[in-house]
1. Using label points projected 7 Å from each Cα along Cα→Cβ, tell me how many nm separate Val54 and Ala42, to one decimal.
2. Round to the nearest 10 and give me the degree value, 0 to 90, for the angle of helix 45-71's Cα axis relative to the longest principal axis of the chain.
3. Quick one: among Ala42, Ala52, Ala11, which has the greatest mean-square fluctuation in a GNM of the chain with alpha-carbon springs under 10 angstrom?
4. Just one of [x] 27; [y] 70; [z] 61 is percent of Cα pairs over 18 Å apart as worked out from the coordinates here. Which one is it?
5. For Arg4 and Arg71 in the same chain, what is the full-extension length gain: residue separation times 0.36 nm, less their Cα-Cα distance, in nm?
6. For the range 26-40, what does the Karplus curve 6.51 cos²θ - 1.76 cosθ + 1.60, with θ = phi - 60°, yield as ³J(HN,Hα) per residue in whole Hz, taken in order and with x for Gly and Pro?
Amino acid sequence: MADRTPAEIRASVEDTRRELQYSLNDLQSKVAQITDWRTQLAQHRREAVIGAAVAGFVIGGGVAAVFGLFRR
């Protein structure tokens, strides 16, 4: 490592800085894509409807059970 000139070190630092900037931009675009709930919902509409129906039945059954306990 001691045989590198200051110019080589500066060039290496600049290369690393460019690579990090590219990686950061790539990561930001992937996070934006993954967290876009509207696109995710559009791509997985069937699964979302099934999940909502199951949740509705579970919540509805729980509410009915609680009211059934109070009626007795």
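Readers should treat all values here as calculations from the given coordinates under stated rules, not as data from a laboratory. The model shown is predicted, which means the values in this text are computed figures rather than measured ones. Methodologically, a virtual Cβ is constructed for each residue, glycine included, from the backbone with ideal geometry; neighbour enumeration extends over all protein chains shown.
1. The answer from the label model is 2.6 nm.
2. 40 degrees
3. Judging by the Gaussian network model, the answer is Ala11.
4. For percent of Cα pairs over 18 Å apart, the calculated option is [y].
5. So the chain would gain 15.8 nm between Arg4 and Arg71.
6. Calculated HN-Hα couplings, in order: 4, 5, 4, 5, 5, 5, 4, 5, 5, 8, 6, 5, 5, 5, 4 Hz.
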